[in-house]
Amino acid sequence: MKTTELLTAAVTGRPVAIAPSLLSADFTALHREVTEIAAAGARVLHLDVMDGHFVPNITFGPPLVKSLRGCTDLVLDAHLMISEPEKYIEPFAQAGSDCIVFHYEARPDRAGELLRRIRGLGKKAGIALKPKTPAAAILPLLPELDLVLIMTVEPGFGGQSFMADQVPKIRTVAEAIAAGGYECELEVDGGIGPVTAKTVVAAGANWLVAGNAVFGAANRAAAMQAMIDAVRG
Ligand code: DX5
Ligand code: ZN
C-alpha cells in the first residue's frame, strides 16, 4: 500500500497526507529527491522558507520554488518563517506555490487581510502557530483558512524533538474545524516520525510534515511506509 488515501484523521475525518520537508533533503539532488517521494506516494512537498530574522536560519526563496514547480506536480506547501510575509505572498504565488502559510506571530494584526490576499491569488491560505501561541488566536479566522499549521518544535531547524505539550492544541483546532464544518487541513510540523504521527492523527491532524524521518532515511519510500503503517496500526 503506497498511498495514505484510506487513512483519515480522528475528529475531522479528513484524509491523511505525509508532507516530506525539503529542508532535510539532499540539496545536491533535489530533482531526484522529489521524484523519489512522489513515486513513494507523497502528494505534498513542504517547503521551509527561513529569513534569518523571524528564525535564526536561512534557507531558500521563490527561485527554488519556481524550479521545483517546473519538475513536479506535488502540492507545494510554502511555510514562510519570515518577518514580513506581506512582501512575499505574491512572489511565492507567482513561483508556483499551492499553499502559502505565514506565521500568526509575524503579523497578528493583519492576519485576516493576508489570508484574503492569498485566497485572492487562487492559493490555499494558511497560518502557522509557534508552540507558545494558543489556538484561540486563530479560531476566529477559521472561515478564512484553508490550512492551520501547528508547530511541534520551535521553528528554525529540522531534526528536533516533538513537543508533546502541543497535542491538546491540535485537538482544540481539530474540534473547531469539525464543529464549523470547515474544509481546512490541520498540519503538524516538527519531530514527526512513526510514533508521533500516530499521536497527532489521533488528536485530529491530517497533514504530517516529516523532514528528518523521511529524508534522513536511506530508503525514503520505506520511511514513509513506516509512518503510514504506524498510523494505521
Ligand atoms: C522547522 C520546520 C520543519 C522541519 C521539520 O522550522 O518548519 O518543517 O523541516 O523537520 P523534522 O521533521 O526533522 O522535525
Ligand atoms: Zn515547516
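Since every read-out is calculated from the coordinates, none of them should be taken as a lab result. Computed from a predicted model, the values in this text were never measured in an experiment. Quick reminder, even Gly has a Cβ in these numbers, built from the backbone with ideal geometry, and neighbours come from all protein chains shown.
The figures follow:
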{"read-out": "Long-range HN-HN contacts of Val11 with modeled amide H, under 5 Å", "value": "none"}
{"read-out": "Calculated from backbone phi, Karplus (6.51, -1.76, 1.60) coupling profile of the range 102-109 in Hz, x at Gly/Pro", "value": "10, 8, 3, 5, 6, 8, x, 7"}
{"read-out": "Percent of beta bridges antiparallel (DSSP, the chain, rounded to nearest 5)", "value": "5"}
{"read-out": "Whole-angstrom gap from the range 191-228 to the range 63-93, using each part's C-alpha centre", "value": "23"}
{"read-out": "FRET efficiency for Ala221 and Glu154, using Cβ-Cβ distance with R0 set to 30 Å, rounded to 0.05", "value": "0.50"}
{"read-out": "Where Rh is the Kirkwood radius over Cα pairs, Rg/Rh for the range 100-233", "value": "0.98"}
{"read-out": "Fluctuation leader among Met163, Met151, Met81 - the chain, Gaussian network, Cα springs under 10 angstrom", "value": "Met163"}
{"read-out": "5 angstrom amide H check on Ala128, placed H, neighbours 5+ away", "value": "Phe102, His103, Tyr104, Leu149"}
{"read-out": "Estimated distance in nm for a label pair at Leu141 and Glu86, the labels positioned 7 Å out from Cα along Cα-to-Cβ", "value": "1.3"}
{"read-out": "Kyte-Doolittle at least 0.0, axis length at least 30 Å by Cα - qualifying DSSP helices, the chain", "value": "none"}
{"read-out": "Estimated inter-spin distance, Ala164 and Val195, nm [label 7 Å along Cα→Cβ]", "value": "0.9"}
{"read-out": "Percent RCO, i.e. relative contact order, over the range 29-87, from Cα pairs under 8 Å lying at least 6 residues apart", "value": "43"}
{"read-out": "Among Leu76, Leu64, Leu115: highest mean-square fluctuation, GNM of the chain, C-alpha pairs under 10 Å", "value": "Leu64"}
{"read-out": "Residue exposure sequence - Ile127, Ile170 - by fewest surrounding Cβ within 10 Å", "value": "Ile170, Ile127"}
{"read-out": "Gaussian network model of the chain, Cα within-10 Å springs - most flexible of Lys87, Lys169, Lys66", "value": "Lys87"}
{"read-out": "In order through the range 76-93: 3J(HN,Hα) via Karplus (6.51 cos²θ - 1.76 cosθ + 1.60), integer Hz, x for Gly, Pro", "value": "8, 10, 8, 9, 8, 9, 9, 6, 10, x, 4, 7, 10, 4, 5, x, 6, 5"}
{"read-out": "Label-point separation in nm, His31 to Cys71, each point 7 Å along Cα→Cβ", "value": "0.5"}
